[in-house]
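Worksheet: the structure to be examined is printed underneath.
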Amino acid sequence: MDLPKDYNFKEAERKWQQYWENEGIYLFDPKSKAEIYSCDTPPPTVSGRMHMGHALGYSQADFIMRFHRMLGKNIFYPWGFDDNGLATERFVEKKLKIRGQDMPRPEFVKLCLKETKETEEKLKQHWQSLGISPDWTINYKTIDPWVQKTSQRSFLELYKRGREYRKKQAFMWCPRCQTAIAQVELKDKEKEQDLTHIQFDTSIGEKITFATTRPEFLPACVLINVHPNDKKNSKFIGAKARIPFFDREVEITADESVDPEFGTGVVYVCSFGDMEDAMKIEELKIEPVEILNKNGTLNEKAGKYKGMTTLEARKAIVDDLDAEGRVVKVEKTKSFINTHERCDTEVEILMTEQWFIKYLDLKEKFLELGEQLNWHPKHMKVRYDNWVKGLKWDWCISRQRFFGIPFPLWYCKKCGEINLADEKDLPVDPTVDKPKKKCKCGSDEFIPEKDVLDTWATSSLTPLIPIKWREDEDFFKKIFPYSLRANGHDIITFWLFNTVVKSWLHEQKLPWKDVMINGFVLDPHGKKMSKSKGNVIDPLVEMEKYGADSLRFWAAGSRLGDDLPYQEKDLVTGKKMVTKLWNASKFAIKHLEDYSGEEAQPEIMDKWILSKMQKLIKNSTTSLDEYEFFTTKSETEKFFWHIFCDNYLEIVKDRLYNPEKRGKEKRVAAQFTLCKTLLALLKLVAPIMPHITEEIYQLYFRENEDAKSIHISGWPKYDESFVDNDVEYIGDIAVGIIAAVRKFKSEKNVSLKTELKSLTVECSEQDMLKLEEIKDDLLATTKALELKFGKGDITVNDKMKIGIE
């Protein structure tokens, strides 16, 4: 057989990726009777490139999917792109240097669709280059008509069940994006701010002092609270305080939630300084004073501060208060503020009409569902529990944006009644389509809902989207619930949790049985990667240098859930693994050219590696079944380098090269063992390094395996009949002696091929008998002419020494 000299990973990886797609290696078979193993993975957004976090998470999920495919299961592994929502809007606006709000909505939506389609084609190539194995024919985009229909159907169903409502209330708002946002979209940011101590006049003739970091909300103050037992401030309870610069008074009331030891012990309540203010104002039924516009500037109710940004108003109001002698002091304080995770803008609270999913009443049920999930690793469940316990508000699902899935409804212009689209007409765009029937009041004039659904209201349906939910019940039941959800720990609180919510509300079931949670990628110094720090590594660049298999090898180098620092040396190690696999396999295949596949009676050292291989197969199978790919990777790597390459290949060389001297049957035994061991090794490595293993498989093993790819050729089966602890003991003794001889030669600076007159072994009588059984392999490997038993001066282990002449 004329084997290629070198392995060109750039050519090979592209070749096999194309082969897998052309041959349908990863296609789901809906007619198969095999056990189905299914995976729900996060659809990456089209607004960015693949990053190292993607490479880590998707590789680790793919290890598991490839393993189960090789077990003979029917793999349902769809692929999606998340191309709807604010992230895509920002991407298009930045790329084309436009603003969606400055142009007609249909025109902007067309631009978004065009740009996402072009970007998705490029991104698919990037993801394929990683060597992941979804069924690319089962795909979706979170803005395509089927997904729109599914998302709108979900809305209609939950509305009819009384789980959705529209309400005008104070809620979180991003002034930059000019949309409402949900609790999950908040990001805490520590910031140093001025804590300004301010005095108001009161109706009892004394000044009351409070401290605030948001004096710009002074025009919106509606209440002042003190603790009823506060000796210093309780005298103000029942009095009124006058708002400076505004002809208005507010009540001073008792509130046991006030901490008299914090600040001045006085709290001024504004509409709306934060969500706590909003909740208190709603609870007490106080009429709010709304001073903010949607863009974050102050309106006419702020008097002379109208038109200012909150920062400008903050300074102006403090200056005016200071001029009147009302600023007692200003001190620095550090506190956490809420920002919008999409744009890092400080969040405000505005009174707007929004749609919500009611779910606060189900918090205990969500905690119970979290208990039922199989978490890998187990400690990740804490993040889920903490999030559920910390929920304060219902899920706001409406967004004041342009590129998203529309709400399927209109409002009657005459009576205000909500008119829902008919399910058979979905998907609909109420700004373009009209209701098919009149309102129950008789009017045929309607106002379309212009808001769009929150992207997570749709992405939370990813398990339902590819399996024909509400369209093909038999197919749906075949897949649902899924076997696995794989995602990073950073999206437990929104994507994972929201999917549990939607699945429970619609199906009263968990969407998956198991969840596997990957960690973050850190820079070489253990710091989080970010563009601002300049420490971001591009996986496409690294794959161009080292290959996808090397990058995947790195991704298998941490336990599931652990954060993994990126070290280039790990990819260098991965590339060395690829090279060694290639060279060792070429050596083996060269000596298997005349092997017809017959079974043979193995020699002791053959039995030694076959026994160890069975234990590796058993441990690797158990590890991958428990999502512990790190264990499989590290144990298989160690076996390949130290047991297979360093020892077994060297031990059998004499039998392979010299059948005349050693006997043909002993060469066949070596060939049998070599073939069986190498194939098993390739299969164990295949989920992690799919390209190099496919290349070697196709060179020799395919014609005998009767499978057109290693990835559907069957996982190695544990065979206890090959396990022999006594044989392993003998083999380990031999390996110890060989290692001691190698060390001796190395210290003497002589070639390992240098012949020795004799090799003397000092050991027990029982071990002497065992060594006699492997005498020929031992002498051939150490290049010794004679094996003796007697005193030795070189320690092999605590029970054995050797002497060398």
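Values for this structure:
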read-out: Segment 417-429: number of residues that are at pLDDT 95 or above and in a loop (DSSP other than H, G, I, E, B); value: 6
read-out: Subset of segment 1-13 [in contact (Cβ under 8 Å) with a residue 40 or more places away in the chain and within 11 Å of H691 (Cα to Cα)]; value: Y7, F9, K10, A12, E13
read-out: Segment 145-168: number of residues that are in a strand (DSSP E or B) and open to solvent by 50 Å² or more (accessible area, probe 1.4 Å); value: 4
read-out: Residues (without any contact (Cβ under 8 Å) to a residue 40 or more places away in the chain and open to solvent by 60 Å² or more (accessible area, probe 1.4 Å)) located in segment 701-714; value: R702, E703, D706
read-out: Count of residues meeting criterion [among the hydrophobic types (A, V, I, L, M, F, W, C) and surrounded by fewer than 21 Cβ atoms within 10 Å (Cβ to Cβ)] in segment 122-144; value: 4
read-out: Test set (1) under 22 Å from A34 (Cα atoms); (2) small (G, A, S); (3) in a helix (DSSP H, G or I) - S503 fails condition number; value: (1)
read-out: Top-ranked residue of segment 91-117 - restricted to ones that are within 28 Å of the chain's Cα centre (by Cα) and hydrophobic (A, V, I, L, M, F, W, C), ranked as most open to solvent (accessible area, probe 1.4 Å); value: L113
read-out: Residues that are at pLDDT below 95, touching an Asp or Glu at 6+ places or on another chain (Cβ under 9 Å) and in a loop (DSSP other than H, G, I, E, B), drawn from segment 560-577; value: Y566
read-out: Close pairs (8 angstrom Cβ cut-off, 6 or more residues apart or separate chains): under 26 Å from H489 (Cα atoms) in segment 564-575, of a type in the set (S, T, Y) and outside any helix (DSSP H, G or I) anywhere; value: L564/S558
read-out: Per-region count, segment 169-201, residues assigned to a strand (DSSP E or B) and within 20 Å of T213 (Cβ to Cβ); value: 19
read-out: Pair list, Cβ < 8 Å and 6+ apart or interchain, from segment 417-429 residues that are without any contact (Cβ under 8 Å) to a residue 60 or more places away in the chain and of a type in the set (D, E) to residues that are assigned to a loop (DSSP other than H, G, I, E, B) and surrounded by fewer than 18 Cβ atoms within 10 Å (Cβ to Cβ); value: E417/K440; E417/C441; D422/K436; D425/D433; D425/K436
read-out: Qualifying residue in segment 37-59 (condition: among the acidic types (D, E) and open to solvent by 30 Å² or more (accessible area, probe 1.4 Å)); value: no
read-out: The lone exception for D514 - which of (1) closer than 26 Å to N84 by Cβ; (2) of a type in the set (D, E); (3) within 16 Å of the chain's Cα centre (by Cα) it fails; value: (1)
read-out: Residues being open to solvent by 40 Å² or more (accessible area, probe 1.4 Å) and in contact (Cβ under 8 Å) with a residue 60 or more places away in the chain - total across segment 775-805; value: 2
read-out: Residue count for segment 328-355, restricted to those that are farther than 14 Å from W173 by Cα and under 27 Å from the mean Cα position of the chain (by Cα); value: 1
read-out: R314 vs. criteria part of a loop (DSSP other than H, G, I, E, B), crowded, with 18+ Cβ neighbours inside 10 Å and in contact (Cβ under 8 Å) with a residue 12 or more places away in the chain; value: no
read-out: Filter result (part of a strand (DSSP E or B) and within 16 Å of Y384 (Cα to Cα)) within segment 506-521; value: W512, K513, D514, V515, M516, I517, N518
read-out: Number of the exception - Y268 against (1) in contact with a Cys (Cβ under 9 Å, 6 or more places away or on another chain); (2) without any contact (Cβ under 8 Å) to a residue 40 or more places away in the chain; value: (2)
read-out: Count of segment 53-81 residues which are over 19 Å from I688 (Cα atoms), touching a helix residue (DSSP H, G or I) at 6+ places or on another chain (Cβ under 6 Å) and either modelled with pLDDT under 95 or among the small types (G, A, S) (or both); value: 1
read-out: Counted residues, segment 503-541 - those being open to solvent by 40 Å² or more (accessible area, probe 1.4 Å) and aromatic (F, W, Y); value: 2
read-out: Criterion (assigned to a loop (DSSP other than H, G, I, E, B) and open to solvent by less than 20 Å² (accessible area, probe 1.4 Å)) met by exactly one of D247, D259, D230; value: D230
read-out: Qualifying residues in segment 340-384 (those that are modelled with pLDDT of 95 or more and aliphatic (A, V, I, L, M)) - the one surrounded by the most Cβ atoms within 10 Å (Cβ to Cβ); value: I357
read-out: Filter result (crowded, with 22+ Cβ neighbours inside 10 Å and either assigned to a helix (DSSP H, G or I) or among the small types (G, A, S) (or both)) within segment 389-413; value: S398, G404
read-out: Condition check for E786: touching a helix residue (DSSP H, G or I) at 6+ places or on another chain (Cβ under 9 Å) and farther than 30 Å from T622 by Cα; value: yes
read-out: Candidates K633, K615, K666, K653 - the one that is in contact (Cβ under 8 Å) with a residue 40 or more places away in the chain, touching a Gly at 6+ places or on another chain (Cβ under 8 Å) and either surrounded by fewer than 20 Cβ atoms within 10 Å (Cβ to Cβ) or in a helix (DSSP H, G or I) (or both); value: K633
read-out: Selection count where residues are in a loop (DSSP other than H, G, I, E, B), under 18 Å from R214 (Cα atoms), at pLDDT below 90 and open to solvent by 30 Å² or more (accessible area, probe 1.4 Å), scope segment 262-293; value: 3
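Conditions (1) more than 30 Å from I804 (Cβ to Cβ); (2) open to solvent by 10 Å² or more (accessible area, probe 1.4 Å), marked per residue:
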residue: L679; (1), (2): yes, yes
residue: P687; (1), (2): yes, no
residue: P716; (1), (2): yes, yes
residue: V723; (1), (2): yes, yes
residue: A734; (1), (2): no, no
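The values are calculated or read from the model by the stated rules, or taken from the named source; none is laboratory data. Owing to the predicted nature of the structure, the values given are computational and were not obtained by experimental measurement. So basically every Cβ, Gly included, is an ideal-geometry build from the backbone, and we count neighbours across all protein chains shown. Heads up: the accessible areas ignore ligands, DNA and RNA and are worked out on the full protein's heavy atoms, side chains in. Shrake-Rupley method; radii C 1.70, N 1.55, O 1.52, S 1.80 Å.
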